[in-house]
Each structure stands twice: as structure tokens, then as C-alpha cells.
Amino acid sequence: MIFKELKLSSRGLENYVILGSSDEKILKNLSKINIFVGQNNSGKSRFLRGLSMFEEYEFIPKDFDYDGATQFANEAVKRIDEILKNHNSNTLGDIQSKFLSAVQPNSFFKPKNNSLHRLDELFSYISRTTLNNVPHNGQNMERCVETLKTYVTSQRETLNKYLEELKDKDSGKYVRMYVPVMRGLRPPRVGNHNDDDYFNRTNSDYYGGSVGSGDLTNNQIFSGLSLYENIRKRLLGSQEERKLVRDFEIFLSENFFDGEPITLIPAHDADVLTVSIGKIENKRIYELGDGIQSLIILNYPIFEFVRSRPKDSLLVFIEEPELYVHPGLQRKLLEQWQKSGYEKVQFFVTTHSNHFLDMTIDFSDMSIFKISLHGYNESYKENEFVVENLSSGDKSLLESLGVRNSSVFLSNATIWVEGISDRIYFRKFLELYLKKKGESLTYLEDTHYSFVEYGGGNLPHWSFDEDGSDDDSIDVSRIVSNIYLVADRDDTETNTSSAKAKRLAHLKKILGPKNSTVLPVRETENLITFELLSKVIASRGDSLKEKLKLDTVREKLKSEYLGHYIESKLLVGDPKKRYCSSTSKTIKNKASFAKEVCEQLKSFDELSDGAKKLTRSLYRFIVKTNTDE
């Protein structure tokens, strides 16, 4: 089960204040992946370890109507109490003394100990109740029992629905896995792969030696040093154990190494793993890049857990997962954590990586929390740390780390787009095109290419001339090379004398047709086909007008402001400004709308001709810049 909200225990977190929370210290808006950022000594690693130390978690489950379930339980208790009082039967068996008092209103969930389970016991008790098997005093006992049973019968289906939804979420244990910053696959003492010095040091310093050794216990520290012995034992074990190692090798190959075959060998004459990757054979782990060690450490224990304990939930706490890992592989790591098979795994990580933060806009189930010492004003005590939930677009995230978006310096190609939504669309277009060509692992974002959001209104401030003749503009060639620029057409086709029309004509002349595109439609949103737009509208619960001239609609979709056109011409009823921006006629919340569109996109063939043409141009540009190096 994934946490939506978490009530903080006092152990280790007494000096933390959650902005926007009550005195109970509730960490809200949790997601599949939760990222904690802050300057050095801001308290984020201490906070991460504190979360991992909880003896019992009190939480609100994600993807479950816990508020509705709690309200149902409270109303049931109230009704049963009323029935007893109406019949002067407060002492009917153990209903009042044992059951009703146990069904307490719960603002937070405790596995197998919450109001729904207590209510289930109460309903079952009432169903079995007769005047012969329960003590009682008062009048109208028979009528009271009959009324109670009638009520329980009427509510049983609803209770069973909640219990069934909760069954999978409440069936297992919570295993906690802490991956410290002090980790690696090379033991600090030469010739010794049996003693996990990193584990011992971390356990002693931070956990007071309370964490037991062994694989996948209820609270585990995984430093990587135990991996040699773990794999050795599995390869010498049963067929199922050997298969797990082989499956992990395939997993690494397919998800991180472009399908190159990988073999992990705990050689008997070495104290470290020997690794083969493609044509690179039998290399000791220290002969390969440190990034490979990091990927193995960050993936193996989670992979092993998911395979060996599918019914249980795993909470993973990782310090700085980006260490030694290239931005392109950082993206692959985040993608892997959100894939199917990891439904019962929730991540809590600290990071100094601006690349991790850049990527949060691309993933729907991620939350960011900023931690700082002393808070933001004098109302906080001197030794208090403040935790604040931030949006992925908050500039203070990067400012607090003292970094800027620099992934473009590590990529061979840069695709310049007007904004976030364009980036979301074009990434999806490329993904579908590569899939259609059977090249899903060939070209990776932040490795082979990166997006740069220049902002339409800011385009005049950039100079794309090789001689940098405009002294007042920023010379792009000094920042990046290999540029492909995509610009919205807007109304430049009809208003050829406008400043933007002249600017786009100039850029097209400088960059050439192989390095630039002016969209054949008003904005990127206008590339969407009517069929795809219909799916998005239906997914929102809105209805299209029955009589639409589709040829006219398809033509209008290319040139009209999309938000205004949807609301004024396509929909039945009052859409309540769900599509049209209040400040313009274009789409409201462009990034969110783009994600909805991309969720509906399943194949490259569903794209419009304009979108297909643009995607092929981007692909050719990426191929060229990555083969001429």
C-alpha cells in the first residue's frame, strides 16, 4: 500500500515542523516517489532516517476512499447506538462495552487495526445475536435485535466493498530498506567480502545497532557489500534462486544497457563481483564505471524483494541515488520505479541533483519537499527544521541547491521548444516513433538529446547567428551546439508583417530546414487529431455535440485557439471553463492537458500528419548528431 499522508512519530523527528500541518505533524501529498531537497546540513538526511525508524506507521492510504470509509464507519456506529437507546437496550450483550467503543473514529490508518475491521467484527456479532446467547436487560429486546439485524444486512454490501478494496492494501507487512550514501560493491578491506563494514558503521552511527543483519528483514540497511555473498549463494542454490539472478541480469540489460547481455559472477578468486557487459567480458567491478555499481546497488534489493515477497509492501529510503549516475540513466531509474510490478514499493530519497528535479515535470506520481534549518521567520525555534511541500515548477527548488538546468551540456543534441507542454508532446511522439521502428532503447533523453524551453516571448533574447552579431542577445552557440528549434505558427501566416513572422523567417534562414520547424498549426495543441481530442473530452466526462461537420472541425482545429474552440463549438452544456484559459483563448493548464493527451496516445499511427512529419524531422536530427560525433 502506498501512503498518501503520514503521521510523523516523535522518534528522531521532534524538531521538525511541517508547513501547513497541524500540531500532529502530518506529511501530506505523498506520491510514489518522494524527493527531499535542501542545502547541506539542512536536515534532509536526518529526516529520511527518521522516517525509516518508525515502529508503526499511521497513514492515509493512496488510491482508497479512506475519508468515505471512515465516515461510513462513524455513521454506522451512530445508528447502532441510536437503535440501542431507542429500545432501552444499552447493555445488549457486548455491543456497547466491547464493540461500539472499539470502532473509534480513525483519522489515520493502522494495518489490521482500524475502524473498518472493528466494524466488521461488530456486524458479525450482531448477525449471530439472539436473546438466548447474549446477556441483556431492558424492554423490547426482540424488536431491538430484529432492527439491528435489518440495519446490518442493509449495510453489509457497502462494508464488504470497502473491505475488499482494502484487502490487497492491508494483507502484508511493511519492510523498510535504507540505502545510505556510504555504499559500494568493493569492500574497504582487501580480501574480505563477508563483513559489511558500511552496514556496521551506518547501523552503529544512526540506528544504535538496532537493525539486524540478513536479507529483507523488517528494517534493512543495504550498502551493497552483501551483494557478492548474496549472488554467490543464489547461484549455488536452487533452480529458482539461480533464475532470480539470471532474471536480474536480463532486467539490467533491457532497462539500462540497450539490450547488451550482462553477466554477474562472484568469482572464487576475487573479493568483488566480475561483470560482463556485451563485448566487455570478465571485468572486475572496479575496472568498470562507478555508475554501474550504483545502478546495481539501487536496483538489486528492490528487484529481489518484488520477486520474493509480492504480497508485502516495501518502503525504500535512499540517500542521493544520483551518485555517479549519468542524467540519462537517472531518467531510466525514475521510469523503472514507476513501472508495473512496483505497485507496492514507495520511494523516499534525498538529492542534490537538479536533473532529478528537472524530470519531476515528466512524471505524474512524484512529490518534492524542501527542508531547511531555522525555518523562514523568527517564529520558529532555533533548532527547528521546516519541511515544505513544493510544486515541480517552483524555482526555489533549484535556487536552494545553487544549481541551474545543465542537462543540455551532457547531450549531443538540443531541441528548443516554447514550453513545458511542447516538451511533453514531442517526447511522447518520439517514444511512439522509436517503438514503431523497433528502436525503443536506441536514443535516450538527457543522453543523446535534451529539450530546452526557451519561452515564446523570450525568443528575441537569443541569438542563433554564428557570428553573434547582436550584442544585446545571448549567443546560443556559446552555450550549446547542434540546435533544432520548433516554433508555434500562431497567426504569422496571415499576419506576415508581424514581429514574430519576421523573426521566424530570419531563424529559418539561419538554421535551415534541417534544424528548424515552424509548426503548420497555431500551437502544438492544434496538432491533435479530432479522434484523440474526443477521447480526452470523454475521459473528463464531457460530451461532444451530436451534429458536427467533421471536415470543418478538423480544419478549424489547425488554426483556432483550441481552448476557446472546444468550449464554444464542440461541447454540450456548460464546461465551466475546464478547457479555455481565463487570460487567453488557448488551452487551460497546458502541461496537465498535454499529459492527458499523451495518456490516450497508444501508437504513432494515431498522430496527425503534421505531428508525424515533425517527429520524423526530430528523429533525423537526433540520429545525425549522434552518428557524426
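Before moving on, here are some points about what is shown:
- Residue count for the range 599-629, restricted to those that are among the hydroxyl-bearing types (Ser, Thr, Tyr), over 16 Å from ASP422 (Cβ atoms) and part of a loop (DSSP other than H, G, I, E, B): 1
- Where a residue in the range 69-82 is over 14 Å from PHE99 (Cβ atoms) and its partner, wherever it lies, is part of a helix (DSSP H, G or I) and not charged (D, E, K, R), with Cβ under 6 Å and at least six apart: ALA69/LEU116; ALA69/TYR162
- Filter pass, GLU260 being within 29 Å of the chain's Cα centre (by Cα), part of a loop (DSSP other than H, G, I, E, B) and farther than 30 Å from MET53 by Cα: yes
- Test: residue in the range 228-244 that is in contact with a strand residue (DSSP E or B) (Cβ under 9 Å, 6 or more places away or on another chain), surrounded by fewer than 16 Cβ atoms within 10 Å (Cβ to Cβ) and more than 25 Å from SER340 (Cα to Cα): yes
- Failed condition for GLN600, given (1) within 23 Å of the chain's Cα centre (by Cα); (2) over 27 Å from LEU430 (Cβ atoms); (3) not aliphatic (A, V, I, L, M): (2)
- If you check ILE250, ILE292, ILE231 for being out of contact with any Leu (no Cβ under 7 Å at 6 or more places or on another chain), of a type in the set (A, V, I, L, M), over 24 Å from LEU51 (Cα atoms) and at pLDDT 90 or above, only one passes: ILE250.
- Every residue from the range 278-304 that is open to solvent by 10 Å² or more (accessible area, probe 1.4 Å) and not charged (D, E, K, R): GLY278, ILE280, ASN282, TYR286, LEU288, GLY289, GLY291, ILE292, GLN293, PHE303
- The range 178-212, subset polar (S, T, N, Q) and under 25 Å from VAL345 (Cα atoms), residue modelled with the lowest pLDDT: SER210
- Within the range 33-76, the residues that satisfy the criterion of being closer than 27 Å to VAL152 by Cβ and open to solvent by 10 Å² or more (accessible area, probe 1.4 Å) are ILE60, PHE64, ASP65, ASP67, GLY68, THR70, GLN71, PHE72, ASN74, GLU75.
- Flag for VAL553 being of a type outside the set (S, T, N, Q) and within 15 Å of ILE528 (Cβ to Cβ): yes
- Residues of the range 309-335 that turn out to be surrounded by 19 or more Cβ atoms within 10 Å (Cβ to Cβ) and of a type in the set (Phe, Trp, Tyr), as a count: 1
- Any chance ILE537 is within 21 Å of ARG616 (Cα to Cα) and modelled with pLDDT of 80 or more: no
Matching residues to (1) under 23 Å from GLU418 (Cβ atoms); (2) assigned to a loop (DSSP other than H, G, I, E, B); (3) at pLDDT below 90; (4) in contact with a Cys (Cβ under 7 Å, 6 or more places away or on another chain):
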residue	(1), (2), (3), (4)
HIS564	yes, no, yes, yes
LYS569	no, no, yes, no
THR583	yes, yes, yes, no
ALA594	yes, no, no, no
VAL597	yes, no, no, no
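- From the list ASP63, ASP67, the one residue that fits, being within 30 Å of LYS161 (Cβ to Cβ), at pLDDT below 85, acidic (Asp, Glu) and part of a helix (DSSP H, G or I), is ASP67.
- Subset of the range 545-570 (residues that are of a type in the set (A, V, I, L, M) and surrounded by fewer than 16 Cβ atoms within 10 Å (Cβ to Cβ)): LEU548, LEU550
- Every listed requirement among (1) at pLDDT below 85; (2) in a helix (DSSP H, G or I) is met by ARG427 save one, (1).
- Residues of the range 578-629 that are open to solvent by less than 20 Å² (accessible area, probe 1.4 Å), polar (S, T, N, Q) and free of Cβ contacts under 8 Å to residues at least 24 places away in the same chain: none at all.
- Cβ-Cβ under 9 Å pairs, at least 6 apart or on other chains, the range 529-546 side more than 15 Å from ALA611 (Cβ to Cβ), far side in a loop (DSSP other than H, G, I, E, B) and hydroxyl-bearing (Ser, Thr, Tyr): ILE537/SER543; ILE537/TYR579; ARG540/TYR579; ASP542/TYR579
- For VAL275: the one exception among (1) farther than 20 Å from VAL179 by Cα; (2) outside any strand (DSSP E or B); (3) open to solvent by less than 60 Å² (accessible area, probe 1.4 Å); (4) modelled with pLDDT of 90 or more: (2)
- So LYS344, is it within 19 Å of LEU252 (Cβ to Cβ), open to solvent by 10 Å² or more (accessible area, probe 1.4 Å), touching a residue at least 24 places away in the same chain (Cβ under 8 Å) and touching a Leu at 6+ places or on another chain (Cβ under 8 Å): no
- Close pairs (9 angstrom Cβ cut-off, 6 or more residues apart or separate chains): polar (S, T, N, Q) in the range 301-322, part of a strand (DSSP E or B) anywhere: SER313/TYR174; SER313/VAL175; SER313/VAL345; SER313/GLN346
- Set PHE47, PHE36: member being at pLDDT 80 or above, assigned to a helix (DSSP H, G or I) and under 29 Å from VAL306 (Cα atoms): PHE47
- The condition of being more than 30 Å from ASN412 (Cβ to Cβ), at pLDDT below 90 and not hydrophobic (A, V, I, L, M, F, W, C) holds for only one of GLU531, GLU546, that being GLU546.
- If you go through the range 500-527 and keep only what is without any contact (Cβ under 8 Å) to a residue 12 or more places away in the chain and surrounded by fewer than 17 Cβ atoms within 10 Å (Cβ to Cβ), you end up with LYS502, ALA505, HIS506, LYS508, LYS509, GLY512, PRO513.
- In summary, ILE265 fulfils each of the numbered conditions (1) closer than 20 Å to LYS332 by Cα; (2) in contact with a strand residue (DSSP E or B) (Cβ under 6 Å, 6 or more places away or on another chain); (3) in contact (Cβ under 8 Å) with a residue 12 or more places away in the chain with the single exception of condition (1).
- Cβ-Cβ distances below 8 Å connect the following pairs, each with a first residue in the range 121-143 that is part of a helix (DSSP H, G or I), a second residue that is among the charged types (D, E, K, R) and at pLDDT below 85, and a separation of six or more residues or different chains: TYR125/ASP94.
- Filtered residues of the range 310-325 (kept if part of a strand (DSSP E or B) and charged (D, E, K, R)): GLU319
- Every listed requirement among (1) more than 24 Å from VAL486 (Cα to Cα); (2) in a helix (DSSP H, G or I); (3) open to solvent by 40 Å² or more (accessible area, probe 1.4 Å); (4) out of contact with any helix residue (DSSP H, G or I) (no Cβ under 6 Å at 6 or more places or on another chain) is met by LYS535 save one, (4).
The values are calculated or read from the model by the stated rules, or taken from the named source; none is laboratory data. Given the structure is predicted, the values throughout are model-derived calculations rather than measurements. Note: ideal-geometry Cβ built from the backbone for every residue, glycine included; neighbour counts use all protein chains shown. Each accessible area value is taken on the protein alone, full model and side chains, heavy atoms only, with ligands, DNA and RNA left out. Shrake-Rupley method; radii C 1.70, N 1.55, O 1.52, S 1.80 Å.
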